[in-house]
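Contents: one structure, followed by commentary.
The values are calculated or read from the model by the stated rules, or taken from the named source; none is laboratory data. Here the structure is a predicted model, which means the values were calculated and not measured. Because the Cβ atoms are built from the backbone with ideal geometry, glycine has one as well, and the counts that use them run over all protein chains shown. Keep in mind that these areas ignore ligands, DNA and RNA; they rest on the heavy atoms of the full protein, side chains included. Shrake-Rupley method; radii C 1.70, N 1.55, O 1.52, S 1.80 Å.
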Amino acid sequence: VQLQASGGGLVQGGDSLRLTCQAPGRDLSRYAVGWFRQAPGKEREFVAAISRHGGSTKYADSMKGRFTTYRDLAKNTVYLRIHKLEPDDTALYYCAAENVEGLGVVPTTGYDYWGQGTQVTVSS
């Protein structure tokens with residue numbers, strides 16, 4: 001599965017941003033989708049994840065409140081909305097997919113398929 005994350009860029013602190021994850025030629029509804037990020041010099045960390053049907057989500061504790069993930073089944077797209085961006089949000093953001101049986105399953109680890117990432121840089 002080829003995943004494409006997009007929507008990153010250079011933004012100012014306090015701005016909002018919406019990242020997009022797509023899988024051209026694939027039915028993304030067959031996969032739970034997770035978002036991860038990796039800041040310079042740091043390990044990759046889990047941000048959020050959403051179930052196949054979109055009705056269930058999970059967030060890293062530190063991400064609750066400012067991060068929202070949702071999916072548009074008709075557009076075969078998953079989104080990550082980030083509000084009130086902070087300089088510490090600067091990172092390469094990845095989307096990942098996992099083929100799970102249950103429609104409501106939301107894995108936070110063990111993803112098999114990864115995109116190339118989209119860079120988010122937040123200026124203070």
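Screening G115 against (1) within 14 Å of A48 (Cα to Cα); (2) in contact (Cβ under 8 Å) with a residue 60 or more places away in the chain; (3) surrounded by 18 or more Cβ atoms within 10 Å (Cβ to Cβ) leaves a single unmet condition, (1).
Scanning the stretch 108-116 turns up one or more residues that are among the β-branched types (V, I, T) and assigned to a loop (DSSP other than H, G, I, E, B).
Of the strands (runs of 3 or more DSSP E) lying entirely inside the stretch 1-79, those containing at least 2 residues that are aliphatic (A, V, I, L, M) are 9-12, 17-22, 31-38, 45-50. Inspection of the stretch 92-102 finds no residue satisfying the criterion of being charged (D, E, K, R), farther than 16 Å from V120 by Cβ, open to solvent by less than 40 Å² (accessible area, probe 1.4 Å) and under 11 Å from the mean Cα position of the chain (by Cα). Determine the pairs where a residue that is crowded, with 17+ Cβ neighbours inside 10 Å, located within the stretch 41-55, has a partner that is part of a loop (DSSP other than H, G, I, E, B) and among the aromatic types (F, W, Y) with Cβ atoms under 9 Å apart, the partner being 6 or more residues away or on another chain. These pairs meet every condition: A49/Y111.
Can you tell me which residue in the stretch 15-30 is surrounded by the most Cβ atoms within 10 Å (Cβ to Cβ), limited to those that are of a type outside the set (A, V, I, L, M) and within 13 Å of the chain's Cα centre (by Cα)? Explain how you work it out, then say what you get.
Start the filter on the stretch 15-30 by keeping residues that are of a type outside the set (A, V, I, L, M), which leaves 15-16, 18, 20-22, 24-27, 29-30.
Then keep just the ones that are within 13 Å of the chain's Cα centre (by Cα); that gives 18, 20-22.
Details: R18: 13, T20: 17, C21: 28, Q22: 18.
Applying the filter and picking the extreme gives C21.
Within the set Q12, Q38, Q4, the sole residue that is surrounded by fewer than 17 Cβ atoms within 10 Å (Cβ to Cβ), within 17 Å of D72 (Cβ to Cβ), among the polar types (S, T, N, Q) and modelled with pLDDT of 95 or more turns out to be Q4. Close Cβ contacts (under 7 Å, 6 or more residues apart or on different chains) running from residues in the stretch 7-24 that are free of Cβ contacts under 8 Å to residues at least 24 places away in the same chain and farther than 16 Å from R81 by Cβ to residues that are open to solvent by less than 50 Å² (accessible area, probe 1.4 Å) and not in a strand (DSSP E or B) are absent. Scanning the stretch 41-61 for residues that are over 21 Å from D88 (Cα atoms) and among the β-branched types (V, I, T) returns I50, T57.
I'm told H83 meets every condition in (1) in contact (Cβ under 8 Å) with a residue 60 or more places away in the chain; (2) surrounded by 14 or more Cβ atoms within 10 Å (Cβ to Cβ); (3) closer than 25 Å to L10 by Cα except one. Can you identify the failing condition by its number? Of (1) in contact (Cβ under 8 Å) with a residue 60 or more places away in the chain; (2) surrounded by 14 or more Cβ atoms within 10 Å (Cβ to Cβ); (3) closer than 25 Å to L10 by Cα, only one is false for H83: (2).
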